[in-house]
Structure formats: C-alpha cells, structure tokens
Amino acid sequence: EAQVTQNPRYLITVTGKKLTVTCSQNMNHEYMSWYRQDPGLGLRQIYYSMNVEVTDKGDVPEGYKVSRKEKRNFPLILESPSPNQTSLYFCASTGYTDTQYFGPGTRLTVL
Amino acid sequence: GENVEQHPSTLSVQEGDSAVIKCTYSDSASNYFPWYKQELGKGPQLIIDIRSNVGEKKDQRIAVTLNKTAKHFSLHITETQPEDSAVYFCAASPLNDYKLSFGAGTTVTVRA
C-alpha cells in the first residue's frame, strides 16, 4: 500500500530536549516536505527536499532541521524544542501529478 | 509569496443541502489549485484539483470552479452526507513548483 508513515504519532517533551520525528514514504517520490498545522493558520511549510541531499527552507523554518540521506526518509529534527513549537506536524511526499500525500500526523507538546 | 484566503472558517449544512467554500489567491503565477479533506485524527487527503487551463472540474458530488481573472476558486459539494463532515483546505501553487500555499481551512458539519 502506498503510504507516508510518521513516528511517533504523539509526543510530550520538555523545553530543550532534542527530538526527532521520522517520516518515510514507499512511493519513490523525490519531493518531500514538512508542515505544521495550527488553528486558524492552516498548514505552513517548514522545510522541503527536492531530492537526496537537497533541502531548503519553507515558510517557517526557525528552530527546525531536516536531513535527506535516503530517498524514502525525511526526518524532522528539533534541536532545542520550545513551547511555541507545540503543534500538529505532517510529513508529505509529492508524486509526478503534483498530488501531495500526507502522513497521519504527529502531535507534539513541548512543556 | 503566495497568500491564500479561505472562507468561511466554519460551515454547517443540513444533510442533502449543498456546501460552498471559497478561496482567493494573490500570485498570478499560481496555476494549480488542489482541495484537501482532513478527517479527525488523519492527514489531509486530496479530493479534487484543477489546473489553470480549465474553468471547472467535477467528480461525482464535488466540483471545483476557477476564475483566474478574479483569482478565486471554489469547492462545491452537492447532496451533502454526514461523511462529508471534515476540515477542508484549499491550496495554490505554480505548476511543477510543488510548494503549496494553504488556506486556513473550513470546518464543515453536516447535520442529520
């Protein structure tokens, strides 16, 4: 089954404790991205990757890092999380028809 | 950059009635306009999209219209059913750019 998976689905952490949210897709897509979803703001792009070893900032990149060492994986890294990064995070990969396939989401709470 | 505005933010309709959600965009270079449906606890899922070379597209009970001159596009859901209750997002991007700019979302509730 074609899908995007994310882990963990839920995470509660404390300020300053580094964390990584994993993302994997099995559709051989080149383009992947991370979004955060906040009430009243829709989905805002954090980072994207056009291909392996090629990443770039989206609209809200501050406080986040990503890496793309393999085509299927695109982890999101928060080196020093802060409470304003409490949000719902989605990974997505894009096929050749421009359709973006979203993962199930990761709900992060930073205390 | 692109700015997408979406209205209304909430919409309550009686089962069987129609629902209409409207979006405007700012960047005249945008020519790909998808609509996503997000059910509770799930990621957004594409339900229909339209490209700038057509003015209307229909898929069973859902349709999308595009007015490039006015820079707005709309989602129409006819004969609404309880399973249509969800959050709907519009988005816009230049074709083959892959960077989508999303609207803030519309929470649709279909009353039985």
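The values are calculated or read from the model by the stated rules, or taken from the named source; none is laboratory data. This one's a predicted model, so the numbers in the text were calculated from it and none came from an experiment. Cβ: placed from backbone, ideal geometry, glycine included. Neighbour counts: every protein chain shown. The area values use the complete protein model at the heavy-atom level, side chains included, leaving out ligands, DNA and RNA. Shrake-Rupley method; radii C 1.70, N 1.55, O 1.52, S 1.80 Å.
Annotations for the structure displayed:
- With a simple spin-label model that places each label point 7 Å from the Cα along the Cα-to-Cβ direction, the separation between A:ASP59 and B:THR69 comes to 2.9 nm.
- Amide hydrogen neighbours beyond the local backbone of B:THR109, cut-off 5 Å, H modeled: B:LEU11, B:SER12, B:VAL13
- Each residue of the stretch B:53-64 is assigned a 3J(HN,Hα), and the resulting list reads 8, 10, x, 7, 9, 10, 9, 6, 8, 10, 9, 10 Hz, derived from the Karplus form 6.51 cos²θ - 1.76 cosθ + 1.60 (θ = phi - 60°), x at Gly and Pro.
- Within the accessible area of the protein assembly as shown (1.4 Å probe), percent carbon and sulfur: 50
- Calculated FRET efficiency for the pair B:GLN14/B:LEU40, C-beta based, R₀ 22 Å, to 0.05: 0.55
- Taking amide H as placed 1.01 Å from N in the peptide plane, the amide H of B:ALA104 sits under 5 Å from that of B:GLN6, each at least 5 places away or on another chain.
- Contact order, relative form, for chain B: 38 percent (alpha carbon pairs under 8 Å, 6 or more residues apart, mean separation divided by residue count).
- Bridging of B:LYS58 to lysines at a Cα separation below 29 Å is possible for B:LYS22, B:LYS37, B:LYS42, B:LYS68, B:LYS71, B:LYS99, once same-chain residues fewer than 8 apart are set aside.
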